[in-house]
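In what follows, a single structure is set out as structure tokens and then discussed.
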Amino acid sequence: MTPPPVASSRRGRRRAAWLIGAVVLVVVAVAAAAVALEIQRRGALERIAEASSTLERVADLREDALDRYAAADAAAEESTETATAVLAHLRSLVPDEDLPALESAERLPEARVAERILDTLRAAERAEPPASETDFSALREAADAIEAEAADAEASLAAVDASSGELEESAEAIDAAVSSVSDRLPEEADRVEAENISAEAPARIALQKAARAAEADPGAAEIRAYVRSASAVRESQEAEMAEKDRGGLLDARLEVEEFARSIVGDVRIDFDWAPIVNGLGEGESAGGYTTWWYADGGYATIELSDSVAAFWPDERFRGLVAHETGHAATARCREVLEAEPFSGDVELLATAWAIGKGFDDPWGNGVDYYYGGVPPEQAVVEAALACG
Ligand SMILES: [Zn+2]
């Protein structure tokens, strides 16, 4: 049986309809796939754009962040060094409340970022545009790579900033604690000097200068210089005391020296002792010789014969020491020496000064030795006292 042509024609139309439907579906599917791809392509481009802008921001901030870190790192390094010097040598001067800040210096290395993080930040650059905007798989790879790079760069910048902040804060706390110690150094230097008054004057002057330098600029070098100068003063004291002990006259020598200091006031004096000074010192004679310097507030070295200590406190010998001390006093009043009535006559000034201070026994005060037993006029004595 032959099927009716109508039915056949109907089946043909149905097939055509089905084919058209299939073609439409394929077209729709292809279009949908194209749309999906486009969406993903745009997504990748957006990711690239966003990551690029992050990288750009990091690259813009990079130099400042690295500079700040370098400065904070250097400051922390210096503060740590100073704190170490203070803790090692001046711990007894650190107020209790400042100890934790100084001790925190030991932990400062932990506040530093790893070199790898700095390298990442140094390398942070603006992203190159992708080679192709149409090759989706290349775009996706580029987006992944730039995002990872941006995340690393951003994290490194944050870490470097945080570390800079921590280093700055710690250095500031350490510096404040160091200052509370360095501010006390001039006073401490006075104490060390008073305890070591027999140390040589240049060593004591250096100590005072070091204390003031450390007060003004309390760096590790200045703190160490202070500590060194304090040690030098103590060593000098020991050496001087050993010298003065010669011949069992230590106590008498120290009394003589204290006497001179008590009448001269603020001029620093060193004392050297010898059997013979200025050709004198044998038997009941006494020799003295003084050298003075005008610098650094004035200081002097008085050499005395051992006989001065041996006969101390004989009034005649006190007169000689007063005369030598008058020379030492000249170290602070050059203008008095150079003016009338002295006009540079150092012996007249020393002799008149001794008399003015009340030591008028002519045997040793210069009256017999230089002026044939005739003391200077009262006006000259008064002029000498302008020297203090
Ligand atoms: Zn003299």
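The values are calculated or read from the model by the stated rules, or taken from the named source; none is laboratory data. On a predicted model such as this, the values are computed, not experimentally measured, just so you know. Because the Cβ atoms are built from the backbone with ideal geometry, glycine has one as well, and the counts that use them run over all protein chains shown.
Here are a few things to note about the model shown:
- Of all residues making up the range 69-95, the number that are within 21 Å of residue 226 (Cα to Cα) and crowded, with 20+ Cβ neighbours inside 10 Å: 8
- Screening residue 176 with (1) in contact (Cβ under 8 Å) with a residue 12 or more places away in the chain; (2) out of contact with any strand residue (DSSP E or B) (no Cβ under 8 Å at 6 or more places or on another chain); (3) aliphatic (A, V, I, L, M); (4) surrounded by 15 or more Cβ atoms within 10 Å (Cβ to Cβ) gives one miss only, at (4).
- Taken as a whole, the range 205-212 holds no residue that is in contact (Cβ under 8 Å) with a residue 40 or more places away in the chain, surrounded by fewer than 20 Cβ atoms within 10 Å (Cβ to Cβ), part of a helix (DSSP H, G or I) and at positive phi.
- When 328, 309 are screened for being away from the ligand (no atom under 12 Å from the Cβ), within 46 Å of the chain's Cα centre (by Cα) and not in a strand (DSSP E or B), only 309 passes.
- Note on the range 96-121: residues that are within 19 Å of residue 56 (Cα to Cα) and surrounded by 14 or more Cβ atoms within 10 Å (Cβ to Cβ) total 4.
- Residue pairs meeting the criteria (Cβ under 9 Å; at least 6 apart or on separate chains; first in the same structural domain as residue 345 (by TED's automatic domain parsing) and under 15 Å from residue 360 (Cβ atoms), in the range 315-332; second of a type in the set (D, E, K, R) and within 11 Å of the ligand (Cβ to nearest atom)): 323/347
- Positions within the range 213-233 being surrounded by fewer than 16 Cβ atoms within 10 Å (Cβ to Cβ) and part of a helix (DSSP H, G or I), in sequence order: 216, 221, 228, 231
- Unique residue being under 27 Å from residue 372 (Cβ atoms) and either surrounded by 17 or more Cβ atoms within 10 Å (Cβ to Cβ) or free of Cβ contacts under 8 Å to residues at least 60 places away in the same chain (or both) when the list is 257, 347: 347
- Hits in the range 264-301 (condition: of a type in the set (Gly, Ala, Ser) and either over 21 Å from residue 247 (Cβ atoms) or in contact with a strand residue (DSSP E or B) (Cβ under 9 Å, 6 or more places away or on another chain) (or both)): 265, 274, 281, 285, 286, 287, 288, 295, 297, 298, 300
- Enumeration of residues in the range 350-368 that are surrounded by fewer than 24 Cβ atoms within 10 Å (Cβ to Cβ) and either without any contact (Cβ under 8 Å) to a residue 24 or more places away in the chain or not hydrophobic (A, V, I, L, M, F, W, C) (or both): 356, 357, 358, 360, 361, 362, 367, 368
- Residues of the range 183-202 include none that is polar (S, T, N, Q) and out of contact with any helix residue (DSSP H, G or I) (no Cβ under 7 Å at 6 or more places or on another chain).
- For the range 58-71, the set of residues classified as touching a residue at least 40 places away in the same chain (Cβ under 8 Å) and among the charged types (D, E, K, R) consists of 62, 68, listed by residue number.
- For the range 331-355, taking the residues that are near the ligand (Cβ under 10 Å from one of its atoms) and among the small types (Gly, Ala, Ser), the one that is nearest to the chain's Cα centre (by Cα) is identified as 350.
- Selected residue [more than 14 Å from the ligand (Cβ to nearest atom) and under 27 Å from residue 238 (Cα atoms)] from 358, 388, 373, 297: 297
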